[in-house]
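I'd like to ask you about the structure that follows.
The values are calculated or read from the model by the stated rules, or taken from the named source; none is laboratory data. Values in this document were obtained by computation on a predicted structure and should not be read as measured data. Backbone-built Cβ (ideal geometry, glycine too); neighbour counts: all protein chains shown.
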Amino acid sequence: MQFKDYYKILEVTPEATADEIKKSYRRLAMTYHPDRNPGNAEAEEKFKEINEAYDVLSNAEKRQKFDLMRNGKANTADYYKQKTAKNAQKDDLGDFDFEYFKKKTGEYSEFFKNFFSNSSLFKGEDFSGNITISLKEAYLGSTRILSVLGNQLRIKILPGIKNDQLLKIPEQGYPGIAGGKKGDLYVRVKIENDGMFTRRGDELFTEIFVDIFTVILGGEVIVKTLSGDVKINVPAGIEYGKQLRIKGKGMPVYNTEGHFGDLFVKIKYYIPKNLSEDDKAELEKIRNKKLI
């Protein structure tokens, strides 16, 4: 939607008096009136703009509202209250009927309609920033106290929030004008890389090293999760790099209480060090049995 500067359309300055606005309007209306420009679409469109501009600038309340949006300054209100209050009544325009074009087309421009029906035109600017949290905080949920435009705000972060997720806090941005709402606050949440877990959506991935005996014989091992340690059973003869799934030990599903992703544990093994001579002898016996 294109902005319309009604002062430029009426060829007056923002400081023009009501009489100056009326005089300029009468001159322009006479020039572009459709009766004087039959079949001239350009003149007809210009006449429409002139009438629309005069409708706003000849009315104290509408003019004040337009000035506040145009200048973006709340202190303009007092200036125009005093300057135009006595001219709030509609002027007599003689032979030039202000309602002419309205009656003919049935509507004003999109800018005009939105200007006086959509308060978002006077909404303040949005404010944005970033915060960084750990994966553990993303799992449990967290809060942050932010200083925003001189105010201390407590921001609640729900469990399961995603990296780069944008939080919207309504009406905590810059002040609006002409009674418009404050802008909104947008906070982008960054999640630090974790040394133990990798996240993909609601699923977590980790790896553990187990001894060669557990790989051969199977057995229980302890796995660290974001909600505490759990025991899992490693099947005998498991392949190196095989993943085991621990259901419900991944990330919480955002804004869905009681739902969790899964944790996938990659099994790796290591060779025991510092074996005694007796240990080596026992292993040698096992190897010999296998070879027979």
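Within region 101-145, work out how many residues are aromatic (Phe, Trp, Tyr) and either outside any helix (DSSP H, G or I) or modelled with pLDDT under 60 (or both). Give the derivation first.
The first filter runs over region 101-145 and keeps only residues aromatic (Phe, Trp, Tyr), leaving 101, 108, 111-112, 115-116, 122, 127, 139.
So of that shortlist, the ones also either outside any helix (DSSP H, G or I) or modelled with pLDDT under 60 (or both) come out as 101, 108, 116, 127.
Going through region 101-145 one residue at a time, the tally reaches 4.
Whether any residue in region 198-221 is of a type in the set (A, V, I, L, M, F, W, C), in a loop (DSSP other than H, G, I, E, B) and more than 19 Å from the chain's Cα centre (by Cα) is what I want to check.
no
Conditions tested, residue by residue: (1) in a loop (DSSP other than H, G, I, E, B); (2) under 46 Å from the mean Cα position of the chain (by Cα); (3) in the same structural domain as Phe205 (by TED's automatic domain parsing).
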position: Lys231; (1), (2), (3): no, yes, yes
position: Gly237; (1), (2), (3): yes, no, yes
position: Gly241; (1), (2), (3): yes, yes, yes
position: Lys249; (1), (2), (3): yes, yes, yes
position: Tyr254; (1), (2), (3): yes, yes, yes
position: Val265; (1), (2), (3): no, yes, yes
position: Asn274; (1), (2), (3): yes, no, yes
position: Asp279; (1), (2), (3): no, no, yes
position: Glu282; (1), (2), (3): no, no, yes
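Results for (1) at pLDDT below 75; (2) in the same structural domain as Ile21 (by TED's automatic domain parsing); (3) on the phi > 0 side of the Ramachandran plot; (4) under 40 Å from the mean Cα position of the chain (by Cα), shown as yes or no for each residue.
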residue: Tyr54; (1), (2), (3), (4): no, yes, no, yes
residue: Asn59; (1), (2), (3), (4): no, yes, no, yes
residue: Arg70; (1), (2), (3), (4): no, yes, no, yes
residue: Tyr79; (1), (2), (3), (4): yes, yes, no, yes
residue: Asp91; (1), (2), (3), (4): yes, yes, no, no
residue: Phe96; (1), (2), (3), (4): yes, yes, no, no
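Still on this structure: Hey, among Asp5, Asp67, Asp55, which residue is out of contact with any Gly (no Cβ under 9 Å at 6 or more places or on another chain), touching a residue at least 24 places away in the same chain (Cβ under 8 Å), acidic (Asp, Glu) and crowded, with 21+ Cβ neighbours inside 10 Å?
None of the other options fit; the residue is Asp67.
For (1) surrounded by 12 or more Cβ atoms within 10 Å (Cβ to Cβ); (2) of a type in the set (D, E, K, R), each residue gets a yes or a no:
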| residue | (1), (2) |
| --- | --- |
| Leu226 | yes, no |
| Gly237 | no, no |
| Arg245 | yes, yes |
| Glu257 | no, yes |
| Lys268 | yes, yes |
| Ala281 | no, no |
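Quick check on this structure: which one of Gly195, Gly250, Gly201 is under 29 Å from Asp164 (Cα atoms), small (Gly, Ala, Ser) and modelled with pLDDT under 95?
Values: Gly250 fails: modelled with pLDDT under 95; Gly201 fails: modelled with pLDDT under 95.
Being under 29 Å from Asp164 (Cα atoms), small (Gly, Ala, Ser) and modelled with pLDDT under 95 holds for just one of Gly195, Gly250, Gly201, which is Gly195.
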